[in-house]
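The values are calculated or read from the model by the stated rules, or taken from the named source; none is laboratory data. The shown structure was predicted, so the numbers you read here are calculated from the model rather than taken from an experiment. Reconstructed Cβ throughout: ideal geometry from the backbone, glycine too, with neighbour counts over all protein chains shown. Quick note on the areas: whole protein, heavy atoms, side chains included, nothing else; ligands and nucleic acids left out. Shrake-Rupley method; radii C 1.70, N 1.55, O 1.52, S 1.80 Å.
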Amino acid sequence: ITVANGTLGSMTSSDNITWTGTFTPTADTEDSSNILTLDGSYTDPAGNAGPAATTANYAVDTLAPGVSSFTLSDVALKAGDSATVSLVFTEEVSDFSSDDITVANGTLGSMTSSDNITWIGTFTPTADTEDSTNILTLDGSYTDPAGNTGPTATTANYAVDTTPPFITLIGDAT
């Protein structure tokens, strides 16, 4: 038996008529056109050669979605600023929302997409905050339509400085 995009375990039979084996798809593979091919090299007890045969087509999708880019449009946020968060996957994802992103020193509005590949949202920094080391972190709880779990990812560092300046008077004003 010739196998496409996988391995076939030993074929077993209790009656030499019906044979079964376990097919295991190849990891990190995405191919919608596959068949198993039985060659005609087997015989019956009388020595007659058996016919060749093929299975119906089967799809293999063991390839996890990846992250092409995960960015903020502004990495130095001041009071009144917001930044567009762009997240581009390598393929369509499902079960994804802004809840899959951990946010530091701000809030992330709903992530939206027209194709489930490119997602856009708005990040608004927290008021009265000064922190130069922040990242957004994507968790790996989303999947592609085949159920393959995606990886984690982070943005580049961004700074938040939304603390207004203040004046401190020192001394006697008399």
Could you give every pair whose Cβ atoms fall below 7 Å, whose first residue belongs to segment 40-59 and is within 30 Å of Glu30 (Cα to Cα), and whose second residue is among the charged types (D, E, K, R) and open to solvent by less than 80 Å² (accessible area, probe 1.4 Å), counting only separations of at least 6 or pairs across chains? Ala52/Asp39
Condition (residue is over 28 Å from the mean Cα position of the chain (by Cα), more than 30 Å from Thr107 (Cα to Cα) and open to solvent by less than 80 Å² (accessible area, probe 1.4 Å)) applied to segment 19-26: is it met by at least one residue? yes
Would you check which residues across segment 79-120 are open to solvent by 70 Å² or more (accessible area, probe 1.4 Å), under 17 Å from the mean Cα position of the chain (by Cα) and over 18 Å from Pro145 (Cβ atoms) and list them? Asp99, Thr102, Thr112
Got a number for residues in segment 36-50 being part of a loop (DSSP other than H, G, I, E, B) and open to solvent by less than 70 Å² (accessible area, probe 1.4 Å)? 5
Can you give me the number of residues within segment 142-168 that are more than 23 Å from the chain's Cα centre (by Cα) and surrounded by fewer than 12 Cβ atoms within 10 Å (Cβ to Cβ)? 5
Per-region count, segment 102-121, residues closer than 17 Å to Ser69 by Cβ and not in a loop (DSSP other than H, G, I, E, B): 6
Name, by its number, the condition in (1) modelled with pLDDT of 95 or more; (2) within 27 Å of Gly80 (Cβ to Cβ); (3) surrounded by 13 or more Cβ atoms within 10 Å (Cβ to Cβ); (4) of a type in the set (Val, Ile, Thr) that does not hold for Thr133. (3)
Could you please find all residues in segment 1-18 being open to solvent by 60 Å² or more (accessible area, probe 1.4 Å) and in a strand (DSSP E or B)? Thr2, Thr7, Thr12
Search segment 1-27 for residues that are in contact (Cβ under 8 Å) with a residue 40 or more places away in the chain and pair each with any residue that is acidic (Asp, Glu) and open to solvent by less than 90 Å² (accessible area, probe 1.4 Å) when their beta-carbon atoms are under 6 Å apart and the residues are at least 6 apart or on different chains. Asn5/Asp31
Looking only at segment 51-75, filter to residues that are open to solvent by less than 60 Å² (accessible area, probe 1.4 Å) and assigned to a strand (DSSP E or B); which one of those is nearest to Phe123 (Cα to Cα)? Leu72
Answer yes if at least one residue in segment 128-141 is in contact with a Phe, Trp or Tyr (Cβ under 7 Å, 6 or more places away or on another chain), under 20 Å from Ala79 (Cβ atoms) and either among the aromatic types (Phe, Trp, Tyr) or part of a strand (DSSP E or B) (or both), and no otherwise. yes
